[in-house]
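**Student:** This is the structure, below, for whatever I ask next.
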Amino acid sequence: MTPDGWRKVTYGQAMAETEVRAAAAHDLPVLSVTKTRGPMLASERFAKVMHGRDLTKYRVAPRHTIVADPMLLWDGSIGLQTVVDAGLVSPDYRVYQPARDVDPAFLGYVVRSANMLPHYQGGARGTNVRRNRIARSDFLAIPLALPPLPEQRRIAAILSSLDDAIEATQAVIDQLGVVRKAMMAELLTRGLPGRHTRFKQTEIGEAPEDWDVA
């Protein structure tokens, strides 16, 4: 069941594939797609350049388009491009422009939701599990429930605020990890703050004078 006012549509009704190639715009940054982050700069993902010099056949992925790696879609390699105003992706990738009545941010959450992964996996075909490709027709036939545009935007805004909170929380956790590491180093080698005033050099470094090294 879907809420009142929601429509049952397909991916093909919610977005359309674009075929714009790099041509003279081959100086745009190259993007990659991962299951954890979606579209990202290839330079951040790989330690060295993984693409050739000729980028003229690469696809242009403007901001707020959906980018998918059909060979790794079964693993969740799809997402909304929000990294740069426009980037280039492999000719093997697919780029989709959301329909006019579809909020790009909402669609970005939909295509990366856990509910959609079984559709990607069920449509994957091939002899190599790591390179199973989903056909365009199967991809565009995937169903989704589409709310009215204002509700799409509200849903996307709520999810975005949660993402921001998670990111901020993770930053605090990361910082606490740094503090914890520094405190461990201090407490395990110099003891409680202010407790010891005399130290000695040992084979494991400086330690309180009344500590034994064993």
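**Student:** Any idea which of (1) closer than 22 Å to VAL9 by Cβ; (2) surrounded by fewer than 19 Cβ atoms within 10 Å (Cβ to Cβ); (3) touching a residue at least 24 places away in the same chain (Cβ under 8 Å); (4) among the small types (Gly, Ala, Ser) is the one SER160 doesn't satisfy?
**Tutor:** So SER160 meets the others, but not (1).
**Student:** Moving to a separate point now. Among the residues of the stretch 33-45, is there at least one that is among the polar types (S, T, N, Q), open to solvent by 50 Å² or more (accessible area, probe 1.4 Å) and outside any loop (DSSP other than H, G, I, E, B)?
**Tutor:** Within the stretch 33-45, one or more residues are among the polar types (S, T, N, Q), open to solvent by 50 Å² or more (accessible area, probe 1.4 Å) and outside any loop (DSSP other than H, G, I, E, B).
**Student:** Here are some conditions: (1) open to solvent by less than 60 Å² (accessible area, probe 1.4 Å); (2) modelled with pLDDT under 90; (3) closer than 27 Å to GLY76 by Cα. PRO208 meets all but one. Which one does it not meet?
**Tutor:** PRO208 satisfies all of (1) open to solvent by less than 60 Å² (accessible area, probe 1.4 Å); (2) modelled with pLDDT under 90; (3) closer than 27 Å to GLY76 by Cα except (3).
**Student:** Is the stretch 97-120 home to any residue that is within 23 Å of LEU55 (Cβ to Cβ), in contact (Cβ under 8 Å) with a residue 24 or more places away in the chain and open to solvent by 60 Å² or more (accessible area, probe 1.4 Å)?
**Tutor:** yes
**Student:** Return the residues of the stretch 190-206 that are assigned to a loop (DSSP other than H, G, I, E, B) and in contact with a helix residue (DSSP H, G or I) (Cβ under 9 Å, 6 or more places away or on another chain); say none if nothing qualifies.
**Tutor:** PRO193, HIS196, ILE204
The values are calculated or read from the model by the stated rules, or taken from the named source; none is laboratory data. Please read all numbers here as calculations on a predicted model, not as lab measurements. Ideal geometry is used to build each Cβ from the backbone, glycine not excepted, and the neighbour counts take in all protein chains shown. Just so you know, the surface numbers come from the protein's heavy atoms only, side chains and all, with ligands and any DNA or RNA stripped out. Shrake-Rupley method; radii C 1.70, N 1.55, O 1.52, S 1.80 Å.
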